[in-house]
Amino acid sequence: MSAATRRNKRSETWVRRRNERRPALDVPLLMVTLGLLSFGFVMVASASMTIGDTCCKDPFFFITRQAIALTMAVVAGLLAFTVPVSWWERMGVWLFLGGVGVLLLVLVPGIGRNVNGATRWIALGPLNLQPSEFIKLFAVLYISGYLVRHADDVANKLSGFIRPMILIGFTAAVILKQPDFGTTTVMLATVMGLLFLGGVSVMPFAVLFGTVLVGLTVLVMTSEYRMRRILSFLNPFEDPFNSGYQLSQALIGFGRGEWLGVGLGNGIQKQYFLPEAHTDFIATVIAEELGLVGMLAIIATFAFIAWRAFRIGARAEAAGSRFAAYTAQGIGLWLGLQAFVNIGVNAGMLPTKGLTLPFLSYGSNSLIVGCMAIAILLRIDATTRQSEAESRNPRGVPWLRA
């Protein structure tokens, strides 16, 4: 055997061993998500102790429940990771239709639970199920499967993207009845973004975008409640003790935080001033206690998750799995948009609406569906890596196959 042949064999052996040492999943994405969940638990504890002591005579009331919710979310994520990508593709339509059915149940008197004027929950013993949180993930799975099955119609026919929008539009109307304007906006924006990525031509997409924008504007103009929120958003300090109270208190929190914040646990706004400090306005607590630097770190973290999701989608598409690619991109769009809207609302850049900050806000439903989404991303990445490894080496890990 010549020296050149030996060198080539050593090189091939080194490359093969290097590939075998590569992790079986996206470790940076996993670590960032676990870091967000841990940080969110700390911030919920900081934001809720005063509220828990006032309402329930127990400063650890919300902390205990958040710990239980976090455990459930991690278990749900582990279960979702074990599900093959092909199963999500087959069941996407049925999951979405089932989610719509449960959404309708929320509106049935005696079944839906009303909190602060909104009927969004179904009581399941000690737990409250919020179907609108899950419908965002199910919509991504449904549209991703539709784009694969009807790729030619989506790209070449007007009916190709109108058909799924009929069902999506009906779902949006049901969510608006709860009412939940924030979830409706995020779901519609995510679906339209996926349709655009799926190849919808510019003109029909522009018409659809304009129609949705006009529809949302009409919904605002015809609702006194939503109109008050828009007006108070434009100038919250004009009526700081009524319609502009929530936003004015949030802006005070941002102002108090300055560059580095007042210190973890030292915030004042969460103490009886800022409503929903541990849920929709957790970002204000972060801004006050950790300052601009802390908020920029949170924004960078969500930007990283969205970028990683699109990167996973690009690799899946290169490997020939279009459903996995669309699903990964849809999850990145959804999580990025929801984080953008929540932080925008807290900072006074967007009208106030009830929408959680993924992985950080108090609540079991948001945590569970967020962990499931990340688990699906990780499974897509793991399956893609396995497919790439099998193209180099016929031996593989059977349980990771799509």
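The values are calculated or read from the model by the stated rules, or taken from the named source; none is laboratory data. Only a predicted model underlies this, so the values are computations on that prediction, with no experimental measurement involved. In this analysis, Cβ positions are derived from the backbone assuming ideal geometry, glycine residues included, and neighbour counts consider all displayed protein chains. Side chains included, ligands, DNA and RNA excluded: accessible areas come from the protein's heavy atoms. Shrake-Rupley method; radii C 1.70, N 1.55, O 1.52, S 1.80 Å.
A compact table of results
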| item | result |
| --- | --- |
| Verdict on I252 being open to solvent by less than 10 Å² (accessible area, probe 1.4 Å) and not in a loop (DSSP other than H, G, I, E, B) | no |
| Enumeration of residues in the stretch 70-90 that are surrounded by fewer than 17 Cβ atoms within 10 Å (Cβ to Cβ) and among the β-branched types (V, I, T) | T71, V74, V75, T82, V83 |
| Leading residue by the ranking (farthest from G40 (Cα to Cα)) among those in the stretch 346-372 that are among the aliphatic types (A, V, I, L, M) and touching a Gly at 6+ places or on another chain (Cβ under 9 Å) | L350 |
| Number of positions in the stretch 351-363 that are more than 10 Å from E133 (Cα to Cα) and open to solvent by 10 Å² or more (accessible area, probe 1.4 Å) | 6 |
| Count of residues meeting criterion [farther than 22 Å from Q338 by Cα, in a helix (DSSP H, G or I) and not basic (K, R)] in the stretch 255-288 | 2 |
| Restricting the stretch 41-69 to residues that are among the polar types (S, T, N, Q) and open to solvent by 40 Å² or more (accessible area, probe 1.4 Å), the residue that is farthest from L127 (Cα to Cα) | T54 |
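Conditions tested, residue by residue: (1) closer than 27 Å to A69 by Cβ; (2) in a helix (DSSP H, G or I); (3) touching a residue at least 40 places away in the same chain (Cβ under 8 Å).
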site: W94; (1), (2), (3): yes, yes, no
site: S144; (1), (2), (3): no, yes, yes
site: R163; (1), (2), (3): no, yes, no
site: I168; (1), (2), (3): no, yes, no
site: T171; (1), (2), (3): yes, yes, yes
site: V186; (1), (2), (3): yes, yes, yes
site: M192; (1), (2), (3): no, yes, no
